[in-house]
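Contents: one structure, followed by commentary.
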Amino acid sequence: QMQGQMQGQMQGQMQPQGAAVHGHASWAPPSPAPAAPAEPSRSAPKIAFGQLASLAMDPKGSRMLQAEMPRMSRSHFTRARNELAPHLYTLSKHTFGNYLVSRLATIESMHEAIADAFQGHLLELLCHAQGSRVVQAFVSALPSSAALKCVQELAGHVPECALDTHGSWGICVAFEHTRAPFMLHEVADNVCELSIQQHGCRVVQSVMQAAANAGMDLRPAVTGIIRGDVVQLASHRFANYAVQVALRQGPHDQREIMLSQLLPNLLKLSSNKHGSNVAEVMLAKATPAQVEYVTDSIVANDADLSQLMGDAFGNYVLQTLLRRIEDSERRARALAKVRAATTASNYGRSILSRLPPPPPPPNPPPPPPP
């Protein structure tokens with residue numbers, strides 16, 4: 001009897017969940033899970049056609065359109081494009097709508113509609129906080145030839161844009177992508193006025209560097225810098241960056257003219273926060289003969305050497321100068337003077353620690369055979 005009870009208990013424990021516990025009913029597998037509901041068709045139920053412009057001005061609506069429009073079917077996308085086309089200019093200046101237009105600018109089938117919307121408004125948009133972002137995205141997405149055609153209406157207005165906070169970034173991007181000659185010419189014609197302004201100097205640097213990379217002629221721009229008192233510009237908090245680009249990228253003969261004016265003012269520039277940056281570039285671009293002349297004149301004058309070693313900016317210029325000395329004996333003499341002039345109150349230890357050690361002296365020749 002006890003054995004029968006134990007068998008019954010074991011059978012009850014082995015019954016799968018959901019199976020009958022009476023009689024001899026056999027176990028059946030659980031019914032399959034219901035199929036997941038079919039996904040709704042792409043984008044159609046989510047897009048409220050007829051209200052797309054209002055939707056684009058809403059933060060959530062703008063994000064939804066940015067995500068959904070690139071995935072629309074061709075017919076739905078055409079319908080959305082045609083509905084938004086009259087509003088693209090307004091949306092480009094809107095706090096939330098500008099993000100949608102920037103996203104649409106990357107889609108080739110939107111380029112014609114956006115170009116039509118921007119025609120005659122490019123200058124205004126480029127100097128607008130949101131509009132500038134959209135124009136930059138649009139110009140960057142266009143083929144170079146189409147972008148060049150698009151930015152032609154900025155001709156005659158480059159300095160105006162360059163002095164604007166938002167417009168300056170737009171000019172940088174537009175020139176980087178188009179290499180529009182009129183932009184380089186207008187920057188060159190106004191290089192000094194632009195260089196002394198925060199946003200204008202950004203444009204001068206970017207345009208001159210991009211032009212140099214493209215092999216364009218920098219002579220007019222460098223000429224403007226030379227004629228505008230290059231020493232004074234080199235000490236300016238903004239213009240010094242333009243002088244640096246001119247030294248690095250300008251034609252050789254014009255670089256020599258700049259160096260002939262700047263090197264005699266090396267000590268003056270070295271003690272200036274902004275001029276010291278130019279001084280380091282000067283020494284990097286100077287010829288070996290020019291480096292030797294500057295080295296000898298500074299090392300021979302204890303007051304000049306002390307000035308550089310004791311200055312928070314000048315000590316970096318002195319480091320650059322010492323690195324440029326090619327003659328080992330001249331370099332050893334200069335290092336010895338720096339070592340002898342090092343005190344607890346100047347930057348001598350820091351200068352010496354940042355320089356590579358001098359090469360070991362050559363091995364003496366072997367004695368002649370007996």
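Structure notes:
- The percentage of C-alpha pairs in the stretch 244-363 whose separation is greater than 19 Å is 45%.
- Counting heavy atoms of the protein chains alone, I47 has an accessible area of about 10 Å² for a 1.4 Å probe.
- Rg of the Cα atoms in the stretch 257-314, relative to 2.2 N^0.38 Å, amounts to 1.04.
- Computed over protein heavy atoms with a 1.4 Å probe, the accessible surface of the chain works out to 55 Å² per residue.
- Report summary: the helix-based calculation at 222 nm, which adds -39500 (n - 2.57) for every DSSP H run with n ≥ 4 and divides by the residues of the chain, gives -18500 deg cm²/dmol.
- Per residue, the average separation of C-alpha pairs within less than 8 Å and at least 6 apart gives the stretch 196-297 a relative contact order of 27 percent.
- Net charge in the neighbourhood of A284 (other residues with Cβ under 13 Å of its Cβ; Lys, Arg +1, Asp, Glu -1) is +4.
- Within the shell of other residues whose beta carbon sits under 14 angstrom from the beta carbon of A129, the net charge comes to 0, with Lys and Arg scored +1 and Asp and Glu -1.
- GNM on the chain, alpha-carbon springs under 10 angstrom: the most fluctuating residue among L84, L355, L308 is L355.
- Highest mobility in the GNM of the chain, judged by mean-square fluctuation with C-alpha springs under 10 Å and restricted to V173, V204, V299, is found for V299.
- Measuring nothing but how far apart in sequence close Cα pairs (under 8 Å, 6+ apart) lie, relative to its length, the chain scores a relative contact order of 8 percent.
- Coarse-grained scattering of the stretch 189-284 at q = 0.21, 0.22 Å⁻¹, given as base-10 log I(q)/I(0) from a Debye sum over alpha-carbon atoms: -0.97, -1.07
- In order through the stretch 72-82: 3J(HN,Hα) via Karplus (6.51 cos²θ - 1.76 cosθ + 1.60), integer Hz, x for Gly, Pro: 5, 5, 4, 5, 5, 5, 4, 5, 5, 4, 5
- Volume in Å³ per residue [convex hull over Cα atoms, computed for the stretch 55-171]: 86
- Using only side-chain charges placed at the Cβ, +1 for Lys and Arg and -1 for Asp and Glu, the dipole size of the chain relative to its Cα centre rounds to 900 debye.
- Portion, in percent, of the accessible area of the chain that falls on carbon or sulfur, probe 1.4 Å: 54
- Accessible area (Å², 1.4 Å probe, nearest 10) - T165: 60
- Spatial separation of Cα centroids for the stretch 77-128 and the stretch 263-315, in angstrom: 53
- Classified by the C-alpha gyration tensor, the chain has an oblate form. Its axis ratio a/c, with a ≥ b ≥ c, is 1.5 or above, and a/b does not exceed b/c.
- With DNA, RNA and ligands ignored, accessible area of Y316 (1.4 Å probe; Å², nearest 10): 100
The values are calculated or read from the model by the stated rules, or taken from the named source; none is laboratory data. None of the values given here were measured: they were computed from a predicted structure. Cβ atoms come from the backbone with ideal geometry, glycine included; neighbour counts cover every protein chain shown. Heads up: the accessible areas ignore ligands, DNA and RNA and are worked out on the full protein's heavy atoms, side chains in. Shrake-Rupley method; radii C 1.70, N 1.55, O 1.52, S 1.80 Å.
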